[in-house]
């Protein structure tokens, strides 16, 4: 079993929570790929440089200067900090982005109806799953930052939830794969004010209904859209849950949200 884990939310900004999460990663059985985001740090740095971050439907609008900040923060500081912490836990991690070893090629998103700037959408048949499998078989734990490229020399900011889903989908063609989305919530909540109101099984038709009614919005939208696409592509399990319960999330019947078609 290969486990693709996406880490997001407020966990990356909290050093105690981050270290606790990575400690769980370091002892998790099986082959693991960790994909991370890190939007808050990038936004904070942009604001210090008097650049106002712009988000639409949970996705960042990326101009040329913002792209530089994102690359420095995501593929630099955050990525290498995570790798360093895992190494200290005797976990042989390797920090990468979608650019390295041509792991993920993307195409720049069309500038209509919304111009997101230098934002890329991964091309499903342009995922270097052979390289990732080679790393996994050699005992490495790849840690992947959400920066990709278009094959023509242009870097592209790419949603980390989507990256995790396309990697899981590509590996799932030949391997059994589960995809775990980890953040500070217990799952998809029916009532955002009640952490116990977790929708344990979320089907695609209910997701469409909740989206239409506005109950699911912002950053949760790309996560769920990517997760359901991974399920359609044959990924065996797609789970959304609390990062502090990582060990349990990898097991059946855990307290979290399971996506179902």
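Okay, here's what the table says:
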{"read-out": "Inter-label distance, nm, simple model (7 Å from Cα along the C-beta direction), residue 52/residue 193", "value": "3.0 nm"}
{"read-out": "Taking the chain and dividing mean pair separation by its residue count, relative contact order in percent (alpha carbons under 8 Å, at least six apart)", "value": "23 percent"}
{"read-out": "Translational diffusion of the chain, µm² s⁻¹ [Kirkwood Rh, Cα pairs; Stokes-Einstein; 10 °C; 1.306 mPa s]", "value": "87 µm²/s"}
{"read-out": "Distant alpha-carbon pairs in region 1-136 (separation over 25 angstrom), percent", "value": "33 percent"}
{"read-out": "Ratio of Rg to Rh over region 114-210 (Cα coordinates, Kirkwood Rh, two decimals)", "value": "1.03"}
{"read-out": "Residue-span extension gain [residue 173 to residue 110] - 0.36 nm each, minus C-alpha spacing", "value": "19.8 nm"}
{"read-out": "Alpha-carbon centroid distance for the pair region 19-68 / region 227-261, whole angstrom", "value": "21 Å"}
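FYI, it's all coordinate maths here, none of it is from the lab. Note that the structure is a prediction, hence the values are computed from the model and not measured. Note that each Cβ is placed from the backbone with ideal geometry, even for glycine, and that neighbours are counted across all protein chains shown.
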